[in-house]
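Encoded as structure tokens, the structure appears first; notes follow it.
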Amino acid sequence: PTPTLVKVLVASENVPKIPHHADGRGYPHFFPETHYLRRGDVNQKEGVATTGFLQVLMRHPDGVAHWLEPAPEGATTSHRRAALARWITDVDHGAGHAAARVIVNRLWQHHFGAGLVATPSDFGKQADPPSHPELLDWLAGELIRSGWKLKSIHRLMVTSATYRQSSAIDPVKTKVDPGNRLVWRFNRRRLEGEAIRDALLSMSGSLDPSLYGRAGRDEASPRRSLYLERKRSKLPLFLRTFDSPDFVSGVANRSVTTTAPQALAMMNSPQVRLWAGRFAKKLVAEADSIPEVPPLPSQPQASPAADSDPQAKLIRAAYATAFGRAPAPTEFHDARLFIESQQAAYAAAGRVDGPIAAVADFCQVMMGLNETTHVE
């Protein structure tokens, strides 16, 4: 279909004015100067608020003027935000080094569960000192040297020996560093609510990986959770159950709770059941075409290859799709017994859809496993 062009209000430098709800009410699109206002009243101005940056992070003799540039002819804004951007990324005279340290610390926190500085929004005197100051400075330097490209820093972190460590506990090291601040093992941690929802969509074969756009507020949407609309008065229930922020105040560190509603959501949510049903249909239809994968090095060998009946193929395909590995012998045995017992129960109840319902039950169990919802 032919795409429909829609005008939207964009707040940016030198963008042509677009009609908006404040037109005709005495409020211009752009104020050439910013004033201090008594009681917030635009009619009670008390002086002009000039551009200024943190003095401790201004090392140029010209001060603020070094980053200010005259707005081009016909500009509809002051271009002071452009000056702010230049100051933030100026590694010679501005806040560039501090900004780079903050950014790479956030990336480290995302991948390891805790930043090298445990207080990601506070690098001041009251902040926790970095656990590895030389590493923090080196990563910040790498970000600057790579042209502020984040992808290369992400790749550097996830391919490091530190990230690829086991999460196994060492009693001797635990006595020395019980909080694992020295990162001698990988911190086993739960995924964010958005990542859990995306993982379930992916397992079910329903995930729409397309970029950009909007997905509305319906959590049944196949779009990634990133694109779901958030309305503060009606937050996505599944995401809130897994500690998604309330979008009212900023959150530097997300809470990670373990509550009964989380387990109940995985067991009873109609949405999770829908995804499990789709996962089951996908396995029944595509089990023969899903390649088998080896078990993890720490896992026992997979079930015998000779056991290749359709149910065995389905179980192996389920583990390959969900976890990227083969089931251990005990897992294979338990999965077979579970599916058979569910099929027998449905048959006794007279349900004609018993076989596929039993597989959906098995898929829902897999969706609720810690291996699905945690990074280890």
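The values are calculated or read from the model by the stated rules, or taken from the named source; none is laboratory data. Source: prediction; values computed, not measured. Methodologically, a virtual Cβ is constructed for each residue, glycine included, from the backbone with ideal geometry; neighbour enumeration extends over all protein chains shown. Heavy atoms of the whole protein, side chains included, go into the accessibility calculation; ligands, DNA and RNA do not. Shrake-Rupley method; radii C 1.70, N 1.55, O 1.52, S 1.80 Å.
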* Asked: Do you know which of the residues in segment 281-319 that are small (Gly, Ala, Ser) and closer than 19 Å to residue 361 by Cβ is modelled with the lowest pLDDT?
  -> 287
* **Candidates 127, 71, 65, 75, filtered to the one that is surrounded by 16 or more Cβ atoms within 10 Å (Cβ to Cβ) and either touching a strand residue (DSSP E or B) at 6+ places or on another chain (Cβ under 8 Å) or not charged (D, E, K, R) (or both)** => 71
* Do we have any residue at all in segment 334-354 that's farther than 17 Å from residue 314 by Cα, open to solvent by less than 50 Å² (accessible area, probe 1.4 Å) and either of a type in the set (Val, Ile, Thr) or without any contact (Cβ under 8 Å) to a residue 40 or more places away in the chain (or both)? -> yes
* To do: Return the only residue of 193, 179, 147, 205 being of a type in the set (Gly, Ala, Ser), open to solvent by 40 Å² or more (accessible area, probe 1.4 Å) and in contact (Cβ under 8 Å) with a residue 24 or more places away in the chain.
  => 205
* Asked: So residue 360 fits all but one of (1) in contact with a Gly (Cβ under 8 Å, 6 or more places away or on another chain); (2) open to solvent by less than 20 Å² (accessible area, probe 1.4 Å); (3) at pLDDT below 90; what number is the exception?
  -> (3)
* **Which numbered condition residue 200 fails, given (1) open to solvent by 40 Å² or more (accessible area, probe 1.4 Å); (2) touching a Phe, Trp or Tyr at 6+ places or on another chain (Cβ under 8 Å)** => (1)
* Asked: Does segment 221-267 hold any residues that are hydrophobic (A, V, I, L, M, F, W, C), surrounded by fewer than 13 Cβ atoms within 10 Å (Cβ to Cβ), in contact (Cβ under 8 Å) with a residue 40 or more places away in the chain and part of a loop (DSSP other than H, G, I, E, B), and which are they?
  -> 252, 256
* **Close pairs (9 angstrom Cβ cut-off, 6 or more residues apart or separate chains): at positive phi in segment 40-65, surrounded by 13 or more Cβ atoms within 10 Å (Cβ to Cβ) and modelled with pLDDT of 90 or more anywhere** => 63/53
* Structure fact -> Those residues of segment 150-173 which are under 22 Å from the mean Cα position of the chain (by Cα) and open to solvent by less than 70 Å² (accessible area, probe 1.4 Å) amount to 152, 153, 154, 156, 157, 158, 160, 162, 163, 165, 167
* Structure fact -> Only one of (1) farther than 29 Å from residue 214 by Cβ; (2) at pLDDT below 90; (3) not aliphatic (A, V, I, L, M) does not apply to residue 67, and that is (2)
* Asked: All but one of (1) open to solvent by 50 Å² or more (accessible area, probe 1.4 Å); (2) charged (D, E, K, R); (3) assigned to a loop (DSSP other than H, G, I, E, B) hold for residue 278; which doesn't?
  -> (3)
* To do: Could you pull out the residue among 117, 102, 48, 91 that is touching an Asp or Glu at 6+ places or on another chain (Cβ under 9 Å), within 30 Å of residue 162 (Cβ to Cβ) and at pLDDT 85 or above?
  => 117
* Only one of 223, 240 that is of a type outside the set (A, V, I, L, M, F, W, C), in contact with a helix residue (DSSP H, G or I) (Cβ under 9 Å, 6 or more places away or on another chain), under 29 Å from residue 115 (Cβ atoms) and at pLDDT 85 or above -> 240
* Please tell me if residue 82 is touching an Asp or Glu at 6+ places or on another chain (Cβ under 8 Å), open to solvent by less than 90 Å² (accessible area, probe 1.4 Å) and modelled with pLDDT of 75 or more. => yes
* Give me the pairs, please: first residue somewhere in segment 111-139 and over 17 Å from residue 187 (Cβ atoms) and in a loop (DSSP other than H, G, I, E, B), second residue anywhere and open to solvent by 50 Å² or more (accessible area, probe 1.4 Å) and among the aliphatic types (A, V, I, L, M), beta-carbon distance under 9 Å, and either six or more positions apart or on two chains. => 121/102; 123/102
* Asked: If you check 155, 181, 101, which single one turns out to be assigned to a helix (DSSP H, G or I) and out of contact with any helix residue (DSSP H, G or I) (no Cβ under 8 Å at 6 or more places or on another chain)?
  -> 155
